[in-house]
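Enquirer: Got a structure here, written out as structure tokens. Questions coming.
The values are calculated or read from the model by the stated rules, or taken from the named source; none is laboratory data. Since we're looking at a predicted model, the values are computed, not measured. Ideal geometry is used to build each Cβ from the backbone, glycine not excepted, and the neighbour counts take in all protein chains shown.
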Amino acid sequence: MARTKKTGQMTSETAKEIVEKIVSHFQLRIVIIFVYYVNALNKYMCFVQDSLEEQASQGSFVPHGRRDVLTAAIGRPEHPGRVRAVGVGVTIKKCFGSAPRTSRSSSSMPPEDLQ
């Protein structure tokens, strides 16, 4: 630890290094804790989803419309026009692009479809 000769106090550079090491240590611990809880949540969600799939195969859970296995496992309804797990403001069009446009003019339709 660098100290000034006259006062015996720590230099500002040394203090900065110590603070950066402490912050880095806590950031690492926060990341480790976050990863642990995300993994635990994923395991729980997989367990719930597997349980619901088993119930669906036995007929005790009947998926209907927007209430599918994943929606039931998450416990929240689906939001139309949104894509899960890609962040706020990302729409289906932004994530997957526009659907290809096809024209159905009478000249391009097969004769059997025209009748």
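Enquirer: Considering only residues that are of a type in the set (Val, Ile, Thr) and over 20 Å from Ile92 (Cβ atoms), which ones fall in segment 37-81?
Expert: Listed by number, the residues that qualify are Val38, Val48, Val62, Val69.
Enquirer: Something else: Could you please find all residues in segment 39-59 being of a type in the set (A, V, I, L, M, F, W, C), farther than 15 Å from Ile74 by Cβ and at pLDDT below 90? Even if it seems obvious, please write down each step before you answer.
Expert: First, the residues of segment 39-59 that are of a type in the set (A, V, I, L, M, F, W, C): 40-41, 45-48, 52, 56.
If we keep only those that are farther than 15 Å from Ile74 by Cβ too, we end up with 40, 56.
Of everything in segment 39-59, just one residue is of a type in the set (A, V, I, L, M, F, W, C), farther than 15 Å from Ile74 by Cβ and at pLDDT below 90, namely Ala56.
Enquirer: While we're on this one: Going residue by residue through segment 96-106, is there one that turns out to be at pLDDT 75 or above, among the hydroxyl-bearing types (Ser, Thr, Tyr) and closer than 30 Å to Leu41 by Cβ?
Expert: No; the residues of segment 96-106 include none that is at pLDDT 75 or above, among the hydroxyl-bearing types (Ser, Thr, Tyr) and closer than 30 Å to Leu41 by Cβ.
Enquirer: Taking segment 44-74 only, how many residues are assigned to a helix (DSSP H, G or I) and of a type outside the set (Val, Ile, Thr)?
Expert: Going through segment 44-74 one residue at a time, the tally reaches 17.
Enquirer: Every residue in segment 14-30 that is among the hydrophobic types (A, V, I, L, M, F, W, C) and over 32 Å from the mean Cα position of the chain (by Cα), please. Step through it out loud before you land on a result.
Expert: First pass over segment 14-30, keeping only residues among the hydrophobic types (A, V, I, L, M, F, W, C): 15, 18-19, 22-23, 26, 28, 30.
The answer is Ala15, Ile18, Val19.
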